[in-house]
């Protein structure tokens, strides 16, 4: 159980690092000097390595949840269509709505620097992924393990 909780936390950290690595796009250029070119390669590598590792860990958590005979989650809707399922999910959902609005505003306002636009796009990617993970079945399972409580939507038999 503790190992599964650690895997979930590590998965969230990896996905967050992947999303925030997109900020490096503002400081990289494949056609520039060696430092900016190196930054471009590192940004891409960090993004993909941490994204893939994060979702592999999430798949392991999912397999463990499915194998757990005590766990019976009655609400199996995917996290992308669920909203406000926990305190953490509420924060992620509000952040996602704010990031959507701010990304759209900054995309169409002239005079905003590319770095600011890229930062808000990175925050948008982060908030969408956190929305999906923190509202998902696996996170509800982890919460039921750590809190020892059950809600109407989830129960451990």
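The values are calculated or read from the model by the stated rules, or taken from the named source; none is laboratory data. Only a predicted model underlies this, so the values are computations on that prediction, with no experimental measurement involved. All Cβ positions, glycine included, derive from the backbone under ideal geometry; neighbour counts span all protein chains shown.
Tell me the residue from 75, 29, 93 that is touching a helix residue (DSSP H, G or I) at 6+ places or on another chain (Cβ under 8 Å) and surrounded by 14 or more Cβ atoms within 10 Å (Cβ to Cβ), please.
93
Can you say whether residue 63 is within 26 Å of residue 1 (Cα to Cα) and in contact with a helix residue (DSSP H, G or I) (Cβ under 7 Å, 6 or more places away or on another chain), as far as the supplied structure shows?
Here the answer is no, as residue 63 does not meet what is asked.
If a residue has to be over 21 Å from residue 134 (Cβ atoms) and either within 14 Å of the chain's Cα centre (by Cα) or not in a loop (DSSP other than H, G, I, E, B) (or both) to count, how many in the range 1-31 make the cut?
Summing the residues that are over 21 Å from residue 134 (Cβ atoms) and either within 14 Å of the chain's Cα centre (by Cα) or not in a loop (DSSP other than H, G, I, E, B) (or both) in the range 1-31 gives 5.
Give 99, 92, 45 a once-over and let me know the one that is in contact (Cβ under 8 Å) with a residue 40 or more places away in the chain, over 14 Å from residue 138 (Cβ atoms) and part of a helix (DSSP H, G or I).
Of the residues listed, the single one that is in contact (Cβ under 8 Å) with a residue 40 or more places away in the chain, over 14 Å from residue 138 (Cβ atoms) and part of a helix (DSSP H, G or I) is 92.
What's the total number of residues in the range 67-100 that are farther than 10 Å from residue 131 by Cα and at pLDDT below 90?
11
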